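All of the numbers you see were taken from the coordinates with simple rules; none came from a lab. As the structure is a computational prediction, the values presented were derived from the model and not from experiment.
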Amino acid sequence: MKLPEKYVYPAIMHFEEGKEISVVFPDLDAATSGENELDAMNSARELLGAVMYGLEQDGEPIPKPTPLQMLPTGGMNDVLTLVDVYMPTIRLATVTRSVTRTVTLPAWLNAAACERNVNFSQVLQDALKQQLHLG
C-alpha cells in the first residue's frame, strides 16, 4: 500500500496574553505550543509528522480530518488553521538516523588514529560502503 505524501489536519491555535500559543489537533488528541505564531506552526508541523509516522509504523488506522467548518472553537482567542506535513522527509529522517556501534581495536591502532585525529565514524562508514559496494 502506497502511503500518502502529505497529511493535512485542522488545528486550533489558542492565544492567551503572556502565554505560549497552544495548538491542538482535535482529530489526533495531540497538542503542542510555541512562543510565537511561526514557532507554534513549526511545532505543530513537527508533532503532526511524528504522530502520523507513529500511526503508520504501528499499522493504526489514520483518522479522517474533520472539515474546518465543523470544528467549534473555544472563543475569540482561538483561530482555526490547517497544518500540513510532507511525509517523505519524515520517513527519510528516521531511515538515515545514526546508530551507535561499539568497535574493538588494537590499542596501538587506536592510539595511532587518535594521534592523527582520525574520524572513526567516517572511516567506518566509508569502509562499510566500500565493502558493501554502495558507492
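Assorted remarks:
- Between Ser121 and Asn77, the contour length at 0.36 nm per residue exceeds the alpha carbon distance by 10.8 nm.
- Within the straight-line cut-off of under 25 Å between alpha carbons, the lysines reachable from Lys6 are Lys64, sequence neighbours fewer than 8 places apart in one chain being disregarded.
- Rg ratio (alpha-carbon, reference 2.2 N^0.38 Å) - the chain: 1.58
- If the segment from Ala31 to Gln130 were pulled out straight at 0.36 nm per residue, it would be longer than the present Cα-Cα gap by 31.2 nm.
- Top of Asp39, Asp58, Asp27 by mean-square fluctuation, Gaussian network on the chain, Cα under 10 Å: Asp58
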